[in-house]
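The values are calculated or read from the model by the stated rules, or taken from the named source; none is laboratory data. Keep in mind that what you see is a predicted model, and the values were worked out from it rather than measured. Ideal geometry is used to build each Cβ from the backbone, glycine not excepted, and the neighbour counts take in all protein chains shown.
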Amino acid sequence: MFKYLELDENEPVRTRYGRAVAQHTINETDEIKDIVPWDKFKLVVDIGAGNGQVGAHLTKHHKNLHIINQDMENVIADRIKELSLAPAEEQASFREVDFEPQDYYAPQTRTDADAYLIRFVLHNNNDENCVKILKAVVPALAANKNGEHARLLVAERVMPEWDTDKSAQLKQQRIEDMAMLISCSGKQRSVAELEALLKKADPALEIDQIYCGKDVFQVLSVRYAQAP
């Protein structure tokens, strides 16, 4: 699917897809501003971030933040072009958001950030690709900043362990799980499954905090634990 969206002739489809994703996750966009202690951070890299709506929302409510919005080169070019034609008020809402092209499978080029946000990215990928994405962030996480390492923030609609929840919300999760599998060979994962991917990427990655939103939305805070 993403290879199709990357084609130059599919710019209109790419734009519509970005807007659709932003609308589909609008509730979590609002939740994430409240459940994570953003006052701990100044510079945040949002990986695979699409049109930058999350960054604009975060910087509106947390004046200490500056966001680096990363995505594929054509996605970034489309968004910069779109914003250049937008009303002045909309442009102003992105004052603290910079747009940078970055393939999330490639080594992370920004090593100066306090946090790296991967939001609704892993569920779009199979396990092998998830490990590649996580490996690409490890060198940046390992860079020491005044005695404290940066954090990786993994935001997903997290699956409960199998057969522990029979609620209507879980049924919706199962539907989304199948949709991810069909559309891009991805899946919705439990905390244990996400932790296993982190350990495959680097044994030094460990979850040090889980921030819970409503229903199944969670943000896993991951640190790079140096050996003593």
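A search for C-beta distances below 6 Å between a residue of segment 193-221 that is more than 15 Å from residue 138 (Cα to Cα) and free of Cβ contacts under 8 Å to residues at least 60 places away in the same chain and any residue that is assigned to a strand (DSSP E or B) and hydrophobic (A, V, I, L, M, F, W, C), counting only pairs 6+ apart in sequence or on different chains, returns 210/220. Restricted to strands (runs of 3 or more DSSP E) entirely inside segment 126-228, those with at least 1 residues that are out of contact with any Cys (no Cβ under 7 Å at 6 or more places or on another chain) and either among the small types (Gly, Ala, Ser) or modelled with pLDDT under 90 (or both) are 151-157, 217-224. Residues in segment 49-70 include at least one that is in contact with a Lys or Arg (Cβ under 9 Å, 6 or more places away or on another chain), within 30 Å of residue 196 (Cβ to Cβ) and small (Gly, Ala, Ser). Within segment 51-88, the set of residues being surrounded by fewer than 19 Cβ atoms within 10 Å (Cβ to Cβ) and of a type in the set (Val, Ile, Thr) comprises 80 only.
Among the residues making up segment 99-113, those that are out of contact with any Gly (no Cβ under 9 Å at 6 or more places or on another chain) and under 14 Å from residue 77 (Cα atoms) are 100, 101, 103.
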